[in-house]
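The values are calculated or read from the model by the stated rules, or taken from the named source; none is laboratory data. All of these numbers come straight from a predicted model, not from anything done at the bench. Heads up, the Cβs are rebuilt from the backbone with ideal geometry, glycines too, and the neighbour counts pull from every protein chain shown.
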Amino acid sequence: MRSNCRKKTCPKCQQKTLVVKDGFFFRRCDSRKIQRYRCKICSKKFSNATFSPAKNQKKRRFNHTLLLQLASGISQNRAAILHKCHPITIKRKFEYLAKRSRIKNKKLLESLYQDHRCTEVQFDDLITIEHTKLKPLSVTVIVDKKTRRVLGTNIATIGAFGHLAKISLKKYGKRINNHIPKMHELFKSAESYIHPLAIIESDEHKFYPQIVKTHFPGATHISFPGGKSSIAGQGELKKLKFDPLFCINHTNAMLRANINRLFRRTWNTTKRIEQLQKHLDIYCYAFNSGLIR
Ligand SMILES: [Zn+2]
């Protein structure tokens with residue numbers, strides 16, 4: 001915790017003028033001296049740590065390392081072994097880091113695109129599964145073509161395809177397909193980062209043009225036919241000499257390589273959609289802020 005020279009507000013009576021410094025305490029878990037304060041009106045005592053989002057945490061030391069590990073393909077159970085702590089501690093920290101990452105990423109993108117909105121973007125869907133192949137998910141990802149920053153991700157449930165469609169219907173009933181509303185939600189959230197006259201690129205998909213048009217009526221939407229995948233890229237990187245959608249395909253390949261639950265042929269699959277979204281939030285913040293490359 002950085003010591004802060006700003007006047008503190010009393011958490012009980014919300015006034016600033018009669019708050020005085022009141023010594024320190026030593027926080028053992030990360031060996032830091034924390035300033036205490038006292039309110040002269042209601043005599044409430046508080047400290048710099050009272051306002052910290054990491055309040056009540058006992059193992060702050062490895063929050064940052066854990067963020068990098070979770071964005072580098074390490075599972076929560078493996079992280080518990082590496083940090084010699086209980087898996088539940090990691091689970092709690094995962095929730096905390098996801099929440100923080102979402103807030104920080106939003107702030108970061110807002111400050112970056114406040115004056116210069118992104119003029120070239122690419123988007124695509126990444127197909128993954130919810131525990132079984134009979135329950136596929138589609139993760140829509142929008143990236144800034146120049147910097148490769150991820151402008152947003154959103155997960156939709158889609159119906160099983162191919163020969164699995166019949167089996168899925170029999171076993172789990174009709175699966176809700178909310179791909180279109182989820183894409184609208186995503187484009188709406190990214191509107192403030194993208195220039196109204198931007199060039200938006202994607203592959204050919206029957207409902208993409210309509211979605212782009214709704215949110216960016218002045219933008220140019222270019223769609224490219226999909227190429228054959230190269231094996232090394234696990235489906236995202238294409239065998240073409242020049243892939244016009246290289247940027248988004250590369251980002252999606254990176255997501256697959258670095259988020260353990262998106263690995264292909266894995267046993268640690270996503271069990272709950274919201275947990276996958278949290279993991280995506282952690283990755284996007286770590287990537288956008290330059291902590292990982
Ligand atoms: Zn007070």
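Take residue 62 and tell me if it is away from the ligand (no atom under 16 Å from the Cβ) and surrounded by 15 or more Cβ atoms within 10 Å (Cβ to Cβ). Considered against the rule, which asks whether it is away from the ligand (no atom under 16 Å from the Cβ) and surrounded by 15 or more Cβ atoms within 10 Å (Cβ to Cβ), residue 62 comes out as yes. Every condition in (1) assigned to a helix (DSSP H, G or I); (2) surrounded by 14 or more Cβ atoms within 10 Å (Cβ to Cβ) is met by residue 213 except one, and the failing one is (2).
Among the residues making up the stretch 29-68, those that are more than 29 Å from residue 12 (Cα to Cα) and either among the basic types (Lys, Arg) or touching a residue at least 40 places away in the same chain (Cβ under 8 Å) (or both) are 61, 67, 68. For the stretch 5-20, the candidate set comprises residues that are within 33 Å of the chain's Cα centre (by Cα) and basic (Lys, Arg); within that set, the residue that is farthest from the ligand (Cβ to nearest atom) is 6. Against the test of being in contact with a Leu (Cβ under 8 Å, 6 or more places away or on another chain) and acidic (Asp, Glu), the options 201, 185, 191 yield a single qualifying residue, 201. Across the stretch 253-282, the qualifying residues are those that are closer than 14 Å to residue 76 by Cα and surrounded by fewer than 16 Cβ atoms within 10 Å (Cβ to Cβ), and the one among them that is farthest from the chain's Cα centre (by Cα) is 267.
Applying the set (1) assigned to a helix (DSSP H, G or I); (2) modelled with pLDDT under 95 to residue 97 leaves exactly one unmet item: (2).
Determine whether the stretch 134-141 contains at least one residue that is farther than 18 Å from residue 249 by Cβ and within 19 Å of the chain's Cα centre (by Cα). The answer is yes, given that some residue of the stretch 134-141 is farther than 18 Å from residue 249 by Cβ and within 19 Å of the chain's Cα centre (by Cα). Given the options 117, 102, name the one that is surrounded by 13 or more Cβ atoms within 10 Å (Cβ to Cβ) and touching a His at 6+ places or on another chain (Cβ under 8 Å). Exactly one residue qualifies, and that residue is 117.
Among the residues of the stretch 222-233, none qualifies, meaning not one is at pLDDT 85 or above and under 25 Å from residue 107 (Cα atoms). Pull up the stretch 21-52, narrow it to residues that are surrounded by 13 or more Cβ atoms within 10 Å (Cβ to Cβ), away from the ligand (no atom under 14 Å from the Cβ) and assigned to a helix (DSSP H, G or I), then point me to the one that is nearest to the chain's Cα centre (by Cα). By that ranking, first place goes to 51. Taken across the stretch 117-135, residues that are in contact with a strand residue (DSSP E or B) (Cβ under 6 Å, 6 or more places away or on another chain) and assigned to a loop (DSSP other than H, G, I, E, B) do occur, with at least one present. Answer yes if at least one residue in the stretch 69-92 is touching a residue at least 24 places away in the same chain (Cβ under 8 Å) and within 16 Å of the ligand (Cβ to nearest atom), and no otherwise. The answer is no; no qualifying residue exists.
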